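The values are calculated or read from the model by the stated rules, or taken from the named source; none is laboratory data. Given the structure is predicted, the values throughout are model-derived calculations rather than measurements. Because the Cβ atoms are built from the backbone with ideal geometry, glycine has one as well, and the counts that use them run over all protein chains shown. Ligands, DNA and RNA are excluded from the accessible area calculation, which covers all protein heavy atoms including side chains. Shrake-Rupley method; radii C 1.70, N 1.55, O 1.52, S 1.80 Å.
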Amino acid sequence: MSEDNPLARFNCGPVTFSGHNDALYERHLTFDQVVAVDHTTARDRFEAVARATRDVLSQRWLKTERTYDEQNVKRVYYLSMEFLIGRALANNITNLRLDSLWGRMCEERGVDPLAIITQEPDAGLGNGGLGRLAACFLDSMATLAIPGMGYGLRYEYGIFKQDIRSGWQREMPDHWLARPDPWEVPRYNDAVEIQLGCSFEVREGSLRVIADRPSILIGIPYDRPVVGYGGATINTLRLWGASTPDFFDFSQFSSGDFVGALAEMLTAETVTRVLYPDDSTTQGKGLRFLQEYFLVACSMADLVRRFRRAGNDWSALPDKVAIQLNDTHPALAVPELMRILLDHANLSWDDAWELTQRALAYTNHTLLPEALEKWPVQWFERVIPRHLEIIYEINRRFLEDVRRRYPGDESRVQRVSLIEEEPLRQVRMANVAIVGTHSTNGVAALHTELLQRTVVPDFAALFPERFNNKTNGVTQRRFLLLANPALASLLTTALGDRWITDLSELARLAPLAADAGFRTAFREAKYTAKRRFADWLQHHLGQRVDPQMIFDSQIKRIHEYKRQLLNALHIVVLYNRLRANPALDAPPRTFIFAGKAAPAYQFAKLVIKFINNLAAIIDADPAVRQRLQVVFVPDYCVSIAERLIPASDVSEQISTAGYEASGTSNMKFMMNGALTIGTRDGATIEMAAAAGEEYFFLFGLTAAQVAESRGWYDPRWHYDQEPETRAAIDLIAAGHFNRDEPGIFAPIVDTLLRGDRYLHLADLQSYAAAQQRLGAVYHDREAWTRMAILNVANSGAFSSDRTIRQYAREIWGIE
């Protein structure tokens with residue numbers, strides 16, 4: 001079987017399931033698809049294989065849940081608005097260790113496994129690192145046999161599909177549920193009713209709120225299996241879809257008001273219609289608020305029902321339930337759990353508050369103050385007034401305590417209050433999350449330090465025992481075993497297969513960096529991954545890249561602080577150098593970008609346009625195009641990451657220091673043998689410490705220097721004093737990259753020279769120097785390979801298994 005086939009990897013152990021799997025496949029074709037075996041489409045075959053795989057895991061799935069019930073174990077409930085799960089078939093086959101069985105079946109029947117796998121849409125229920133982290137954590141919980149359950153929303157449309165037209169991003173709907181999803185199991189008997197303090201009507205073509213007229217939403221759970229490696233434990237991801245008690249008002253419909261009769265149904269369907277509505281409008285923000293409450297209300301009702309069904313007393317709640325809030329999005333869990341304990345369990349305030357704090361924990365994912373959610377008090381008054389009453393009472397008691405501890409310090413009281421008074425009365429959701437939980441963790445050592453010192457220092461002083469760090473991790477089973485079969489096979493041959501569930505085993509790879517034969521095999525594995533990506537790129541996008549060139553990749557959502565623009569500026573510098581000196585001693589390089597900009601983020605979309613124009617100009621210049629290439633890969637998703645990351649030689653982690661909470665692509669690149677060029681930011685600091693800074697290409701200002709420079713930084717100084725910086729900006733300003741579109745890049749030049757909040761120009765020359773060092777090392781292929789092997793060997797600490805063990809031991813209290 002070909003290297004491009006994810007099922008044709010090294011067999012790391014015996015198949016743990018056996019039986020009549022061929023018969024299962026044929027049965028599903030016949031009885032589900034109702035097609036003859038010799039008249040099937042690729043989609044028919046995908047659904048049959050997926051359902052046959054689900055048949056294999058179903059008994060284990062039921063047994064897992066039954067074991068949790070019978071033993072009345074403490075469970076983790078992971079609440080997240082995002083789960084970027086991607087395709088499930090290949091991942092489930094890998095974790096069930098059915099590779100050989102299904103591969104053999106495909107060979108015997110002449111079925112192309114790749115054609116089957118690519119029929120499955122990426123479940124794009126997330127925007128980036130936050131959602132992918134949540135998916136990795138679920139994988140690790142199942143693999144480590146931790147009783148865990150994910151709660152999210154079943155968005156009908158995921159993160160938008162990104163189309164590039166004339167260099168511009170265009171958003172297209174991502175209808176990932178257009179065809180039946182063979183993995184999900186609707187649980188109608190577990191539906192929950194959610195009370196709202198208002199209802200909705202259609203007026204002038206828009207849904208409008210009717211205050212003081214209560215209504216009901218129905219949450220329908222859809223379960224998906226989360227397969228731990230080896231298949232012994234299969235946990236559940238429960239996604240909530242919204243419905244209504246009555247689909248429409250029949251009398252209203254009969255009278256001719258067809259749209260008005262469907263208002264309640266339209267409201268319900270809208271709640272889970274799309275991931276991340278446009279938050280540049282009040283309507284979009286309001287829908288986001290409703291989505292967050294719907295997720296929390298459904299999930300809390302469900303987990304409380306499960307807790308009480310086991311016969312537990314309310315006092316045992318923190319001993320049986322650990323609820324992790326993935327960022328501020330589910331922070332409404334604090335007043336919602338208080339409401340349940342006060343209004344349904346009839347507990348006293350003090351008892352309810354103690355149980356709430358002990359059961360809930362909060363993960364912070366941002367250092368950007370503007371990313372800490374705040375919701376208008378008016379929305380609470382209309383939609384969930386009881387929750388506002390509870391928040392007011394939490395705040396009253398909390399501020400009384402603050403005043404006792406800091407008498408006369410009213411400025412401190414105002415800063416920590418759950419309510420922001422000016423310019424608009426809003427509820428500060430980060431404050432709610434910190435006050436209402438027993439643990440607040442950051443996701444990298446630097447992030448946690450800056451969180452306590454600069455973002456919420458008053459809370460760190462009030463509750464020092466609550467703050468802790470849990471550096472992020474990624475699952476090696478998806479991003480190494482599944483994504484990089486050539487390297488995974490080499491590692492297993494050298495080390496055995498224990499690294500699949502214990503990534504620290506990779507440390508035993510370090511001595512092999514000195515072995516010439518292993519270095520050769522390592523380079524061959526990298527070239528195989530590069531060729532595989534190049535073939536895919538040409539087939540799907542018609543874009544040719546040379547696997548002999550350096551593949552230098554930056555794959556992230558497009559944002560100014562992540563500094564794709566810095567990368568592009570350096571490419572302009574390199575372009576100018578090559579035009580001035582065609583004999584320049586620089587290895588040929590392909591710069592690869594991928595990522596999406598939020599639909600309302602106009603500057604980020606302009607950066608995408610600039611990168612695409614830059615690519616076109618370079619490609620049209622015969623003097624440089626054999627030495628320099630730029631590629632923007634559209635519609636970045638998990639499946640593209642699984643191809644691009646193994647193929648990359650260089651990992652770009654160049655955020656402004658002090659802005660990236662952690663990063664997770666940096667870890668995926670590291671364990672796949674890419675070398676990092678980056679700032680001392682997020683988890684990159686810890687990665688460099690683990691491998692040795694001499695094996696990283698670090699540059700630029702530190703977080704402390706960035707903070708210190710705020711009062712005096714002037715980007716014009718760099719423009720005036722640095723000839724290459726000035727030449728690059730002048731070339732952009734002169735319209736060299738937009739000859740037929742005059743003036744479109746003026747906002748880029750203006751942003752760089754009139755503020756440069758993210759210090760692109762401050763770091764440009766340091767970045768260019770690091771890139772020169774990188775190129776010099778690449779000339780020595782043996783030295784480069786040694787560095788790459790040592791990076792892989794020292795990536796063991798960045799498995800999500802390690803992260804989840806720390807959460808379980810230090811926050812959840814679960815074995």
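Worth pointing out:
- Taking packing as the residue-averaged number of other Cβ atoms within 10 angstrom, the listed peptides 466-476, 598-608, 670-680 run from highest to lowest as 670-680, 466-476, 598-608.
- Other residues lying with their Cβ under 11 Å from the Cβ of P634 contribute a combined charge of +2, Lys and Arg counting +1, Asp and Glu -1.
- Carbon + sulfur, % of accessible area of region 37-132 - ligands and nucleic acids excluded, 1.4 Å: 46
- Once the C-beta distance of D720 and E741 is scaled by a Förster radius of 35 Å, the resulting FRET efficiency is 0.80 to the nearest 0.05.
- Region 312-392 - charge dipole about Cα centre, Lys and Arg +1 at Cβ, Asp and Glu -1, debye rounded to 20: 160
- For K63, the lysines whose Cα falls under 25 Å of its own Cα, not counting residues fewer than eight places away in the same chain, are K74, K320.
- Computed [θ] at 222 nm, helices only, for the chain once each DSSP H run of length n ≥ 4 contributes -39500 (n - 2.57): -14000 deg cm²/dmol
- When region 678-815 is described by a simple charge dipole with +1 on each Lys and Arg Cβ and -1 on each Asp and Glu Cβ, the residue from H718, I732, G682 located farthest towards its positive end is G682.
- Candidate lysines - alpha carbon under 17 Å from K470, same-chain residues fewer than 8 apart omitted: none
- Sum of side-chain charges, Y695 neighbourhood, beta-carbon under 13 Å (Lys, Arg +1; Asp, Glu -1): 0
- Nearby lysines by direct alpha-carbon distance to K609 (threshold 17 angstrom, same-chain neighbours under 8 apart not counted): K161, K556, K562, K596
- Net charge of neighbours whose Cβ lies under 13 Å from the Cβ of A586, counting Lys and Arg as +1 and Asp and Glu as -1: +3
- Here the dipole of the chain is about 1000 debye; that uses its Cα centre as origin and unit charges on the Cβ of Lys and Arg (positive) and Asp and Glu (negative).
- The share of accessible area on region 425-478 that comes from carbon and sulfur is 52 percent, using a 1.4 angstrom probe.
- Solvent exposure of region 635-690 as accessible area per residue, Å², 1.4 Å probe: 13
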